[in-house]
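Here's the structure, in structure tokens; my notes come after.
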Amino acid sequence: MNSTRLALVVVALVATSIGIGIWVGKRAQPAPAALRPAAVALEPDAAGPAMPDYLRAIWNPLHFRPAIETARDEQCLACHREVLEDRVLAKSPAGLEAARVQAWYQELATYAGDQETFHRRHLVTPFAQRVMSLRCNTCHEGHNPREEAPIPPTSGDAGFTLRKQVDPAKSCLKCHGQMDWKLMGLPAPWAESKATFAGSCLTCHAGIRTNRHKVNYLKTEAIEAAGQENSDSCFGCHGGRPWYRIAYPYPRHAWEGMGPEVPDWAKGRPTESEPRFLVGAAAAKP
Ligand code: HEC
Ligand code: HEC
Ligand code: HEC
Ligand code: HEC
Ligand code: HEC
């Protein structure tokens, strides 16, 4: 090892121990009582010119558990107004007009209004507000940057490129999985078989699995009303906009008139919604 390399190694070691020191110091601090602004001071470090330390710059107790579990949307929006305020461009840089472009998943009867950003489609569009009441922490559960996935084949910190802010299997899949028409006993996928069932999910679901949607991010009654007007309201969250090839394994709540035996596919399924989403009497149960 020549002396330049040795010097570099020493610098790296010193930098690492400073980093650990800062991290330990930060962990040792008592949890701040109120919000505090993210630290943004950019100090020059030993290795070169001033560089922002990303993880330090964005450190805020609200990004992590437990504070994120009880965070109110206003608290997040105090710093992240852009999430709801930014709108899509009226025209792409290549000249495509947003108003004249429509994707396959925008062809349901419930799709309305201008093109919108992802966050606005889930939080502020009229249909979203009618049937759901998602909050920031419904999807954002607080990631831990120390548990990020490295990019194979290396096992080192590869720049956090695979870092996820949201666990899709516990969020998106619930409303964007496939419709499991075979399990329901339909002869063919919904598009082909809906006419046989008077075009409505409620032909069957007025009596089957009626104990549904009692979670704090869905509007239980409003969903039933919307489903009576148009089955696309139901289908939209149960196969009409699928980003997956699989269906979500929904909890199977007991309902009035339910038969005594549990079908094979339902063995091992939960019979209650996830505890963090329970509302009313169900939430009060131990
Ligand atoms: C005091 C200000 C502040 C508050 C409050 C705050 N954040 Fe942040 N957040 C930041 C900053 C600064 C960044 C880094 C932004 C950047 O890199 O452009 C960030 C980044 C993020 C990111 C992207 C992280 C990444 O590594 O790419 C997400 C997601 C996020 N915040 C969600 C939330 C949520 C959800 C809440 C509420 C529970 C919240 N934030 C509250 C300041 C805040
Ligand atoms: C329907 C689920 C969902 C809800 C609700 C949601 N987010 Fe996100 N958010 C996401 C996803 C998915 C990403 C991209 C995550 C990734 O890249 O890993 C994201 C990204 C972000 C980012 C990173 C910057 C960006 O725009 O890509 C911020 C900041 C953020 N969300 C803040 C919020 C805040 C504040 C709220 C509440 C007002 C909120 N989110 C509500 C799913 C959601
Ligand atoms: C609780 C149900 C629910 C969850 C969870 C959910 N979505 Fe959605 N999503 C919807 C609904 C409803 C719409 C249509 C809203 C409308 O028509 O205004 C939609 C629309 C979309 C669209 C279309 C946007 C557009 O402009 O057409 C995308 C993309 C999308 N969701 C992605 C995701 C991703 C990614 C996640 C997980 C981070 C997610 N969704 C979680 C219910 C959900
Ligand atoms: C022919 C009658 C019938 C029609 C029409 C029908 N379903 Fe079903 N559905 C069923 C049956 C039967 C089950 C399974 C009941 C059980 O748990 O034993 C089921 C289960 C479900 C489940 C839970 C699946 C799971 O994995 O636990 C969802 C969600 C669902 N249906 C949504 C819909 C939607 C949305 C529509 C309309 C687009 C629809 N169904 C149309 C009969 C039907
Ligand atoms: C905004 C999205 C959304 C809409 C609209 C929607 N669902 Fe659901 N549905 C869900 C989610 C999310 C769950 C799982 C909730 C949970 O974890 O308990 C669910 C669960 C179900 C279940 C399983 C019930 C059980 O045993 O827990 C059935 C059946 C069902 N939905 C049928 C329907 C029908 C019929 C309609 C129309 C009247 C409809 N859904 C509209 C999102 C939606």
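In region 178-198, which residues are of a type in the set (G, A, S) and more than 9 Å from ligand 4 (Cβ to nearest atom)? Lay out the reasoning, then the answer.
As a first pass, look at region 178-198 and keep what is of a type in the set (G, A, S): 185, 188, 191, 193, 195, 198.
Scanning region 178-198 gives A188, A191, A195.
Name every residue in region 184-225 that is touching a residue at least 24 places away in the same chain (Cβ under 8 Å), of a type in the set (A, V, I, L, M) and within 14 Å of R252 (Cα to Cα), in order of residue number.
Passing the criteria: I208, V215.
Given region 59-129, what helices (runs of 4 or more DSSP H) lie entirely inside it while holding 2 or more residues that are of a type in the set (A, V, I, L, M, F, W, C) and in contact (Cβ under 8 Å) with a residue 12 or more places away in the chain?
Values: elements: 73-79, 82-85, 118-123.
In region 59-129, 73-79, 82-85 are the helices (runs of 4 or more DSSP H) which contain 2 or more residues that are of a type in the set (A, V, I, L, M, F, W, C) and in contact (Cβ under 8 Å) with a residue 12 or more places away in the chain.
Take the residues in region 134-169 that are in a helix (DSSP H, G or I) and modelled with pLDDT of 65 or more, then tell me which one is farthest from ligand 1 (Cβ to nearest atom).
So the residue we want is A169.
The values are calculated or read from the model by the stated rules, or taken from the named source; none is laboratory data. Please read these numbers as outputs of a predicted model, since none were measured by experiment. Don't worry about glycine lacking a Cβ; one is built from the backbone with ideal geometry, like all the others, and counts go over all protein chains shown.
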